[in-house]
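Working notes for the structure below.
The values are calculated or read from the model by the stated rules, or taken from the named source; none is laboratory data. Nothing here was measured: the structure is a model prediction, and the numbers come from that model. Here the Cβ positions follow ideal geometry from the backbone for every residue, glycine too, while neighbour counts run over all protein chains shown. Ligands, DNA and RNA are stripped out before the accessible areas are found, and what is left, the full protein with its side chains, is counted by its heavy atoms. Shrake-Rupley method; radii C 1.70, N 1.55, O 1.52, S 1.80 Å.
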Amino acid sequence: MSMTGAKSADEILGLEFDWLASDADGYVALFSTAGGGYAPDEFLRDTDAHDAAIDAVLASPASTVARFAPELPPGLKNTWRMVAERGLFVFDSDPHGGPYRMVAAPADPIRIVDLPRGVIDIVGRLKLRQVRFVGQPVITMELLQERG
């Protein structure tokens, strides 16, 4: 009996999936797998919950400006900028499974307690106590797999 949102690492290979996590300081980030990035078991157990949590973050009002974010052509939805404007860091991997690299950051990051209530529960399942998003522009798979 599996949850509807449960997926295996093989099932998401080659597809873009986004997941949320908090760090040692309680800051929050969105991670985009880009088809090859490491996806934690906690995320794979319920990918739909992460999608819903990201939608809830995007539906909330902007709380800051993006310190940096990629520029996209007009007409394309710049999700990374929008997430950064809501206080989250954004890390992207690549189709070949390289490390996650910071691609967007908020001027004023929010902590997990500042998230919409339903989102706190989802993000709380993925605490990366060995990571600090501030000043850590590259996060390797090995670092993400450490659970100290």
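The radius of gyration of the Cα set in the chain, together with its Dmax, comes out at 14.2, 44 angstrom. For the pair Asn78 and Asp25, label points projected 7 Å from Cα toward Cβ lie 2.3 nm apart. Using a probe of 1.4 Å on the protein chains alone, the accessible area found for Arg81 is around 60 Å².
Any idea what the relative contact order of region 33-148 is, in percent, if you count C-alpha pairs under 8 Å spaced at least 6 apart? Don't skip to the end; give the middle numbers.
Numbers: 183 pairs, mean separation 34.0, N = 116.
Result for region 33-148 is 29 percent.
Of the residues Ala104, Ala24, Ala69, which exhibits the maximal mean-square fluctuation in a Gaussian network model of the chain defined by a 10 Å Cα contact cut-off? Taking springs between Cα atoms under 10 Å, the residue moving most is Ala24.
Computed with a 1.4 Å probe over protein heavy atoms only, the accessible area of Lys127 comes to about 80 Å². In this structure, Arg67 and Asp121 have a Cβ-Cβ separation that, at R0 = 25 Å, corresponds to a calculated FRET efficiency of about 0.35. Label separation (Leu58 vs Asp108): 2.4 nm, computed from points 7 Å beyond Cα along the C-beta direction.
Of the accessible area of the chain, with the probe set at 1.4 angstrom, what percent is carbon plus sulfur? Please list the in-between numbers first.
Numbers: 4120 of 7550 Å².
Result for the chain: 55 percent of the exposed heavy-atom area is carbon or sulfur.
Between Pro109, Pro40, Pro74, find the one with the highest GNM mean-square fluctuation for the chain; connect C-alpha pairs within less than 10 Å. Maximum among the listed residues: Pro74. Look at the Cα gyration tensor of region 75-148: its axes a ≥ b ≥ c give a/c of at least 1.5 with a/b at or below b/c, and that counts as oblate. For region 8-87, the convex hull drawn through the C-alpha positions has a volume of 119 cubic angstrom per residue.
In the assembled protein chains, Glu71 presents an accessible area of approximately 140 Å² (probe radius 1.4 Å). The mean accessible area for residues of the chain, using a 1.4 Å probe and ignoring ligands and nucleic acids, is 51 Å² per residue.
Under the rule of -39500 (n - 2.57) per DSSP H run of 4 or more residues, summed and divided by the residues of the chain, what mean residue ellipticity at 222 nm is obtained, to the nearest 500 deg cm²/dmol?
Working: 6 runs with 40 residues, N = 148.
After summing the helix terms and dividing by residue count, I get -6500 deg cm²/dmol.
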